[in-house]
Structure formats: C-alpha cells, structure tokens
Amino acid sequence: MRFSAIRILGLLMLIAFSLLCRDLWAAQQGPESQPPSAPIEQTAEEPNLSEIIPLSAKLATRLAELEKKIQGLPDLAPIEKKYSAIGISIDEVAQQFKGVKDAQEVYARHFTLKQSLVNEKGLLEITGKPLADGILRLDRWDREWLDEKKRWQNWHSSLLKERSSGQLRSAFERALLTINKAQDLVSQRLEPLMALQARGAEIKSRIDSLDAEVTTLI
C-alpha cells in the first residue's frame, strides 16, 4: 500500500514538472513565435462626399468604353450563314443514310457518312467558338456593372440618409441611369448571341444522334 502511494506521488510530480517545462518554453518563445492571427476582412471603402460627383462622371466614360467593346464582338451574320450551311449538310447526310441501309458496300458508305459527320461537327465547334467567347465577355461585363450598381445603391442609402443636397442627389441619379444603360446594352447584345448559340446546340444534337445511329451499323 505504501509502495503504491509512493508511485502515485512520483507520477504527480512528473506531471507537474512537465507542465512547468512547457510554460517556461512558451515564455521563452515570446510573442513573435505565436501563429499570426487571421487578417481582418475589410469591406469596400465608402467614398467621401467630395468623390461622389467625379465618380458619377467616371461612369459615363466607362459606358463609352463599353460601347466600343461591344462593337468588337463577333458579327452574327457570318456565323448564322455557316450554321445554315452545316444544317443543310446534315440533312444531306441523313438522306444518304436512309438510302444506304439496303445498298451494297454498306460498310464503306456508312464509314464515309460517319467521316462527314465528324467533319461537320468539327466545323460546328470552330464556328461556335466566337459565340462562346462573346457570351463570356458579356457575362463578365454584366457582373461588373451589377457589382457597380450594388455599390452605388449602398452608398445611396448611407450618404443620402441625412442629407438633402440637390447636387448629391443628381449625381446619384446620373450614376444609376448610366449603370442601367450599360446593363441594357449588355442584355440587348447578349440575347441574340445566346439565341444563335442555341441554334448551334440544336445542330450538334442532330449530328450526335445521327452519328450514334451510323456508328451502330459500322
């Protein structure tokens, strides 16, 4: 019994010594060794009163730049023309496929039709790439102007809350009007691009369906 008490006492002394060594080590390390605290996330800085009117005028410059960028988007007429040509070619392949089912040298004919489908699919992808790029650019611009609108709406709520300045109110009205014009420009240009892209997707679906049917007979 006495031996067990001695063992317990020794164990307690060992634990106390370990804790004391740990505290001494931590004190020697100092504050520099402590892990860095997480950075404090900062919100977008609200402009002061003297910056509102210049920022509102700057939006008009950005709108003019947006108009130039939109003019650089792909012309839809040549793309639409190529899509029409691809659609006609697919119709011809479909007709040839119907006439080949009971003909001689079926394998060779089917292989030729499949190669035609592969070629048309490649041409379709090349034709649709400018559309996809244009849609991505318009989407990015739309997000930028949407974020801009949210900022101005937040500033409007805070800066005009206890102010009745007519010049300040006019600056906000001009800013929001410019932002709405920019969003309308993007939306008007985005719709026809997406409509033409939908047509390309429909042609691709026809190619994939016909290709799968031809492949099963090769």
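The values are calculated or read from the model by the stated rules, or taken from the named source; none is laboratory data. It should be emphasised that the depicted structure is a prediction, and the values quoted were computed from it without experimental measurement. Cβ sites come from the backbone with ideal geometry, for glycine too, and all protein chains shown count toward neighbours. Calculation scope for accessible area: heavy atoms of the full protein, side chains included, ligands and nucleic acids excluded. Shrake-Rupley method; radii C 1.70, N 1.55, O 1.52, S 1.80 Å.
Quick notes
- Each residue in the stretch 167-184 was checked for being farther than 23 Å from Arg143 by Cβ and free of Cβ contacts under 8 Å to residues at least 40 places away in the same chain, and 3 of them qualify.
- Screening Arg163 against (1) over 20 Å from the mean Cα position of the chain (by Cα); (2) open to solvent by 80 Å² or more (accessible area, probe 1.4 Å); (3) modelled with pLDDT of 95 or more leaves a single unmet condition, (3).
- Of the residues Leu193, Leu176, Leu210, the single one that is open to solvent by 30 Å² or more (accessible area, probe 1.4 Å) and among the hydrophobic types (A, V, I, L, M, F, W, C) is Leu176.
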